[in-house]
Structures are given as structure tokens and as C-alpha cells.
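Encoded as C-alpha cells, the structure appears first; notes follow it.
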Amino acid sequence: MYSKELVKGTLNVIVLNLLSQNGRMYGYEIFSKVKELTNEKILLKDGSLYPALQKLTKLGLLTVEEEIVGGRKRKYYNLTEEGTVRNQEYLIEIKDFFQTMSIVLSPKTIKA
């Protein structure tokens, strides 16, 4: 399992990209999908996932719809048009970041 600091720094891109690929999802569904896709290497915590969903909603990147399922209220999240744009920007940024990190973390070849 990865540290919470690493997950926190990538949580927005994880959420936006999952919604981009899967359409509307509810919180536990997002948690379960991330757990499944990462072979349990990323386990989202309620204390980070739900505040992130609220923040992304306030920023206008997500919409939220409430439905009653099995007698309980469930919130479904979906990307807005702005969320779709921001998701693409995040993906470009994070891919570039990973490339940069691989340079920083790679041993240098010593030239004579």
C-alpha cells in the first residue's frame, strides 16, 4: 500500500479519470474500483475521498445527484464539461511529472 501523502497528491486525477472512464459513480464504488484496479495498493480513506469529492463539486468539476437506493440516500458523482477539460489537463501534467521523477530518481551514468 502506498503512503497517504502519495495518494493525496494524486487523488483528484484518480477521481476525475475514473469518472471519465466509467461515467457516474458513488463514493464507495470509486473506493472499490481503485482498490480493484491497483490490486489493493491504493486504498482510499473516507477522510480523504469524500472531502475531495466535495471540493471537486464546489470547484464545478463534478455534479452530484442523490438517489434513494435500498432505503438509503446515495450520492452519484459525474464529470461536468469543465471536469472533463481539467481531467485532460491533470493527465498531461501527471504524465509529465512521472517522466520528470524518473529522471530525478534514476542513477546517472558516469562518463569518463
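The values are calculated or read from the model by the stated rules, or taken from the named source; none is laboratory data. Here the structure is a predicted model, which means the values were calculated and not measured. Positions of Cβ are backbone-derived with ideal geometry, glycine not excepted, and every protein chain shown enters the neighbour counts. We work out accessible area using only protein heavy atoms, side chains counted, and drop any ligands, DNA or RNA first. Shrake-Rupley method; radii C 1.70, N 1.55, O 1.52, S 1.80 Å.
Quote the accessible area belonging to residue 55 in square angstrom, nearest 10, computed with a 1.4 Å probe and with ligands, DNA and RNA left uncounted.
Residue 55 exposes around 120 Å² with every protein chain in place.
Filter 4/35; 45/75; 41/108; 35/108 down to the pairs with a C-alpha to C-alpha distance above 23 Å, please.
From the list (4/35; 45/75; 41/108; 35/108), the Cα-Cα distance tops 23 Å for 41/108; 35/108.
DSSP H helices in the chain with Cα extent of 24 Å or more along the helix axis and mean Kyte-Doolittle hydropathy at least -1.0? Don't skip to the answer; put the middle values down first.
Details: long enough: 4-22 (25 Å, 0.47); 81-105 (36 Å, -0.13).
Membrane-span-like by this criterion, though nothing is claimed about a membrane: 4-22, 81-105.
Sorted from largest down, what three extents in whole angstroms do the Cα atoms of the chain have along their principal axes?
71, 29, 21
Set the Förster radius R0 to 35 Å, insert the Cβ-Cβ distance between residue 1 and residue 91 as r into 1/(1 + (r/R0)^6), and round the FRET efficiency to 0.05.
Result of the calculation: an efficiency of 0.90.
Based on alpha-carbon centroids, what's the gap between the stretch 56-94 and the stretch 1-50 in Å, whole number please?
A separation of 13 Å, based on Cα centres.
With charges set only on the Cβ (+1 for Lys and Arg, -1 for Asp and Glu), what does the dipole of the chain come to about its Cα centre, in debye to the nearest 20?
Charge dipole of the chain: 360 debye, to the nearest 20.
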